[in-house]
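A short write-up of the structure that comes next.
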There are 2 protein chains.
Amino acid sequence: MTLQDNRTPKTVTAAMVVIGDEILSGRTQDKNVAHLATCLNDVGIQLLEVRIIPDIEQEIVDAINFCRKKYNYVFTSGGIGPTHDDITADSIAAAFGVGIDHHPEAMKILTEHYIVSGIEFNEARKRMARIPDGASLVDNPVSKAPGFRIENVFVMAGVPAIMQAMMQSILPELTGGAKMLSRSVGAPVAEGIIAADLGALQKEFPEVSMGSYPFYKQGLLGTNLVLRSVEPEKLDAAYDALLAILAQLDADINKI
Amino acid sequence: MTLQDNRTPKTVTAAMVVIGDEILSGRTQDKNVAHLATCLNDVGIQLLEVRIIPDIEQEIVDAINFCRKKYNYVFTSGGIGPTHDDITADSIAAAFGVGIDHHPEAMKILTEHYIVSGIEFNEARKRMARIPDGASLVDNPVSKAPGFRIENVFVMAGVPAIMQAMMQSILPELTGGAKMLSRSVGAPVAEGIIAADLGALQKEFPEVSMGSYPFYKQGLLGTNLVLRSVEPEKLDAAYDALLAILAQLDADINKI
């Protein structure tokens, strides 16, 4: 579907940069993209690009500097732990051309955390308090080591439970636009049957993005049809028209 | 970890471009990245970047033209069905600056398929035979509509079962480099405990990429340590040294 059709002035956009060799090696299945997309949808922000890149500083710098200029918000996941391969904070500082140092508030949070836990706050762990100059902290209620925000870039952990908790901390800081609404219907109709009518419907409703996704379930072939728009009346009208088309095709429709 | 350390002349690289609003909306969880990464690993090709982009021609053109120059191979998934939102083939033709038309062999495959199936081979379905000039077909044993290869770019379907079948067809065409070998160990040790020794070990073995991934399982905190290298002797030596470090830490190691 053509998201361009919804590029009204009200549209607020975002990109995600997933930093992690473990995703690129196939060792770990990413779960953060879908979570972020869903959270952003709920507050009226459209995720328009995801980049998954390795733990290499120049790659991180290039991706961040491209995305932060093109989109309203950028979210990163991964690479903010205590080990030598955690280079995200330093790379973000390099991208913005600012210094990086142990952040007083981050040091305080971690010092208290390790006193309470009875664990040594060693040099490696102090790396997790290194925050680019000018950044503000993002609360981490799970394991304390904070994420951070610098301008329109939010830096989060890669472990899904921590990323999700940080996302909760971030959401109140975001200014969304028009909320993307969606209606969908699954029909036991092959894409090739509905394609012509759907294309004509798309031309009739340029404000509604129409996506068509084939599925095979228990030997049955069908299509999930997804309509999305920031304009509720147009969305409803297009959806009714779609149902009429499917009824004409005598489809046994299951509303989803 | 720093893949740069393994950038020997033998390294063969790849990028993936996932084309699909349904992934960016959070509606669909991508499964193709991990599958491609694993397949490529097995033949000695390193996946170094993934981009997930919407069904917008200019976005597809830009991503393809960037990636096909930077990496040895590019793989795409999504957008090659019969509906109006399936614009991948046209966008790839635009990226290469070549024409696109119904491909005789693709038309033959689909004509036969629809005769056997007793289904109408209508105009929408004929869209699936549109292939950029100069491309060769990629076999699709699942639903027949072919993918294609143009220069170093392979275009596949987004439905995981079809993408996986196409990948099987593609594998014999790929020329891999040195195979990335890996050894890993999960230890009930926090990242902050092992970080200093691991960083020193990384410096001792620059040919081995060392990744550290924290986990929380059943209330236990631990770290998965992953060593990767194209040099088996160096990998084994680094792994033995890592086990010695963990033994000194008195860790209860479970070899994975």
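Do you know which of the residues in the range B:33-48 that are at the interface with chain A (Cβ under 10 Å from one of its Cβ atoms) and over 8 Å from the mean Cα position of the chain (by Cα) is surrounded by the most Cβ atoms within 10 Å (Cβ to Cβ)? Show your work before the answer.
Step one: of the range B:33-48, the residues at the interface with chain A (Cβ under 10 Å from one of its Cβ atoms) are B:33-42, B:46-48.
Still in the list and also over 8 Å from the mean Cα position of the chain (by Cα): B:41-42, B:46, B:48.
Details: B:41: 21, B:42: 13, B:46: 27, B:48: 23.
Among them, the one singled out is B:46.
Table: residues versus (1) surrounded by 14 or more Cβ atoms within 10 Å (Cβ to Cβ); (2) within 30 Å of residue B:45 (Cβ to Cβ); (3) polar (S, T, N, Q).
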| residue | (1), (2), (3) |
| --- | --- |
| B:194 | yes, no, no |
| B:198 | yes, yes, no |
| B:202 | yes, yes, yes |
| B:209 | yes, yes, yes |
| B:236 | yes, yes, no |
| B:240 | no, yes, no |
| B:244 | no, no, no |
| B:247 | no, no, no |
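Scan the range A:25-37 and tell me whether some residue there is in a loop (DSSP other than H, G, I, E, B) and among the β-branched types (Val, Ile, Thr). Scanning the range A:25-37 turns up at least one residue that is in a loop (DSSP other than H, G, I, E, B) and among the β-branched types (Val, Ile, Thr).
Looking only at residues in the range A:144-164 that are out of contact with any strand residue (DSSP E or B) (no Cβ under 7 Å at 6 or more places or on another chain) and surrounded by 20 or more Cβ atoms within 10 Å (Cβ to Cβ), the one that is nearest to residue A:30 (Cα to Cα) is A:162.
Kindly indicate whether residue B:30 is at negative phi, over 17 Å from the mean Cα position of the chain (by Cα) and at the interface with chain A (Cβ under 9 Å from one of its Cβ atoms). Steps first, answer last, please.
Details: at negative phi: yes; over 17 Å from the mean Cα position of the chain (by Cα): no; at the interface with chain A (Cβ under 9 Å from one of its Cβ atoms): yes.
No, not satisfied.
Within the range B:38-66, the residues that satisfy the criterion of being assigned to a helix (DSSP H, G or I) and under 18 Å from residue A:21 (Cβ atoms) are B:38, B:39, B:40, B:41, B:42. Return yes or no: is residue A:80 in the same structural domain as residue A:162 (by TED's automatic domain parsing), buried (at least 19 other Cβ atoms within 10 Å of the Cβ), in contact with an Asp or Glu (Cβ under 9 Å, 6 or more places away or on another chain) and not in a helix (DSSP H, G or I)? Taking the combined requirement at face value, the residue satisfies it.
When residue A:127 is tested against the conditions (1) assigned to a helix (DSSP H, G or I); (2) touching a residue at least 40 places away in the same chain (Cβ under 8 Å); (3) more than 10 Å from chain B (Cβ to nearest Cβ); (4) more than 21 Å from the chain's Cα centre (by Cα), the lone failure is (3).
Would the range B:85-104 turn up any residue that is within 10 Å of another protein chain (Cβ to nearest Cβ) and surrounded by fewer than 19 Cβ atoms within 10 Å (Cβ to Cβ)? Within the range B:85-104, none of the residues are within 10 Å of another protein chain (Cβ to nearest Cβ) and surrounded by fewer than 19 Cβ atoms within 10 Å (Cβ to Cβ). How about the range B:201-228: which of its residues are among the polar types (S, T, N, Q), over 19 Å from residue A:157 (Cβ atoms) and facing chain A (nearest Cβ under 9 Å)? Passing the criteria: B:202, B:209. Between B:214, B:146, the distinction of being modelled with pLDDT under 90 and touching a helix residue (DSSP H, G or I) at 6+ places or on another chain (Cβ under 8 Å) belongs to B:214 only.
The values are calculated or read from the model by the stated rules, or taken from the named source; none is laboratory data. What you are looking at is a predicted structure, and each value in this text was computed from that prediction instead of being measured. Don't worry about glycine lacking a Cβ; one is built from the backbone with ideal geometry, like all the others, and counts go over all protein chains shown.
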